[in-house]
Amino acid sequence: MIKHLYIIASLMLFLFVGCTKEEDVDGDYKYVKTDTVSVLSHKEDYFYPGTSIRSKNKGYVIVDKDMRKSVVFHIDGFDSIYEEGHEYLIIVKIYGPRYEMQDLYEYRYKFVSLISKK
């Protein structure tokens with residue numbers, strides 16, 4: 001009987017430990033929050049984080065619900081939907097750097113769902 005209780009307790013422990021794992025993009029980023037952002041109808045020049053080096057590609061101009069405007073290089077899963085000339089309201093998951101090296105890392109965005117397209 002004690003042997004069966006030990007096995008059941010061990011299995012339940014593994015289930016609980018498996019459910020507490022943090023959602024990660026990769027080892028350097030951790031989940032911060034889910035947010036609603038507006039993606040404007042045009043792209044702007046993108047500068048690499050912590051530098052004044054301009055990218056060859058333009059980035060998405062986003063405005064969050066606190067009306068802060070920023071330019072992000074990539075929104076994972078959104079490239080196939082985006083058409084320049086249209087404004088989008090989307091839900092994204094935001095991932096931040098796990099370590100304090102803000103000059104080397106910036107927030108990453110992952111597309112969740114489309115709310116509207118104008």
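The values are calculated or read from the model by the stated rules, or taken from the named source; none is laboratory data. Owing to the predicted nature of the structure, the values given are computational and were not obtained by experimental measurement. Counting neighbours? That spans all protein chains shown, and the Cβs are built from the backbone with ideal geometry, glycine included. Areas reflect the complete protein model, heavy atoms only, side chains present, ligands, DNA and RNA absent. Shrake-Rupley method; radii C 1.70, N 1.55, O 1.52, S 1.80 Å.
Do the conditions hold for Ile115, that is, is it modelled with pLDDT of 90 or more, of a type in the set (A, V, I, L, M) and loosely packed, with under 15 Cβ neighbours inside 10 Å?
yes
Would you point out which residue out of Glu23, Glu44 is at pLDDT below 55 and either touching a Phe, Trp or Tyr at 6+ places or on another chain (Cβ under 6 Å) or in a strand (DSSP E or B) (or both)? Write out each step before concluding.
Numbers: Glu44 fails: at pLDDT below 55.
Of the residues listed, the single one that is at pLDDT below 55 and either touching a Phe, Trp or Tyr at 6+ places or on another chain (Cβ under 6 Å) or in a strand (DSSP E or B) (or both) is Glu23.
What are the residues in region 48-58 that are part of a strand (DSSP E or B) and surrounded by fewer than 12 Cβ atoms within 10 Å (Cβ to Cβ), if any?
Residues of region 48-58 part of a strand (DSSP E or B): 54-58.
Within region 48-58, Arg54, Lys56, Asn57 qualify.
Listed here are the residues, each with its yes/no results for (1) surrounded by fewer than 11 Cβ atoms within 10 Å (Cβ to Cβ); (2) within 18 Å of the chain's Cα centre (by Cα).
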residue	(1), (2)
Ser38	no, yes
Tyr46	no, yes
Tyr60	no, yes
Arg68	yes, yes
Asp79	yes, yes
Glu84	yes, no
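So, Ile90, is that one in a loop (DSSP other than H, G, I, E, B), open to solvent by less than 60 Å² (accessible area, probe 1.4 Å), touching a Phe, Trp or Tyr at 6+ places or on another chain (Cβ under 9 Å) and within 18 Å of Lys110 (Cα to Cα) or not?
no
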